[in-house]
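Here the structure comes first, spelled out in structure tokens, and everything after it is commentary.
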Amino acid sequence: MSLPVPTSAPLTNVLSRPGIRKGPAGTPTSRDWTLETLAGRIVELSSDAASATLTAATSLVLQCQHRGEPAAWILGGTSSFYPPDVAASGVDLAALVVVRAESTIKAARAADHLLRSGGFTLVILDIAQDSALRMNVQSRLSGLANAHRSAVVCLTRKKTDAPSIGSLVSLRGETRVTRTSFDEFTWDIEIVKDKRRGPGWSHSGLCRGPEGLH
């Protein structure tokens, strides 16, 4: 049974928390799953199972919080975001701006608003199966991400051979989770599109499964 998403602190409160800052992203020197690699880009993470994309996205939130930089998670449509699991991964929910939207277009508008503030290193657009983004929406989000050196990470649920959410996606990764022991899993990202460095690279991580999976 899912718990309701907790109400986030007001935007101004999050941005003014001690130690929270919006810092300029550096220039990436390698093809790694880092905020530097994704800065200024629209990214799509897709999988036919929600857990893999959520784990990969949570790793980026942790990077933000370890650096003292703000992140936002926008829930659109059928998102499977589950606060206890995210908190169990080490995320400080009080420092994460969470927005729930009724549809993909409203979620995109929320992302537009947050990006225009110039205060977010990472904006996750969790649109799951309702994953169509019109070209004008892509263009606005891409321009704002580039202007503020922010990463816009769209989470979608689809088959491997399904098309991307749009042509302005700069990087697309397909994710999967594999159980390695009773309560441990590896999560993998296979980069199938990268306009800056070319596809063909990957990233792997290790995580423990939430209680609901045991």
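Numbers at a glance
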read-out	value
Calculated from backbone phi, Karplus (6.51, -1.76, 1.60) coupling profile of the range 147-157 in Hz, x at Gly/Pro	5, 9, 6, 9, 9, 9, 10, 9, 9, 10, 10
Other-chain or far-sequence residues with amide H under 5 Å of Ala71's (modelled H)	Val97
For the range 58-75, 3J(HN,Hα) per residue [Karplus equation, 6.51 cos²θ - 1.76 cosθ + 1.60, θ = phi - 60°, Hz, x = Gly/Pro]	4, 4, 6, 4, 4, 4, 4, 5, 5, 8, x, 10, x, 9, 10, 10, 9, 9
Using θ = phi - 60° and Karplus 6.51 cos²θ - 1.76 cosθ + 1.60, couplings along the range 34-42 (whole Hz; Gly, Pro as x)	10, 4, 5, 5, 9, 4, x, 9, 8
Near-label residues of the range 147-190 by backbone N, under 20 Å of a point 7 Å along Cα→Cβ of Trp201	149-154, 169-176, 187-190
Computed accessible area, Cys154, all protein chains, 1.4 angstrom probe, square angstrom	0
Label point at Thr186 placed 7 Å out along Cα→Cβ; residues across the range 68-109 whose backbone nitrogen lies under 19 Å	none
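The values are calculated or read from the model by the stated rules, or taken from the named source; none is laboratory data. Predicted model, so just to flag it, every value in this text is computed and none were measured. In this analysis, Cβ positions are derived from the backbone assuming ideal geometry, glycine residues included, and neighbour counts consider all displayed protein chains. With ligands, DNA and RNA removed, areas are computed over all heavy atoms of the protein, side chains included. Shrake-Rupley method; radii C 1.70, N 1.55, O 1.52, S 1.80 Å.
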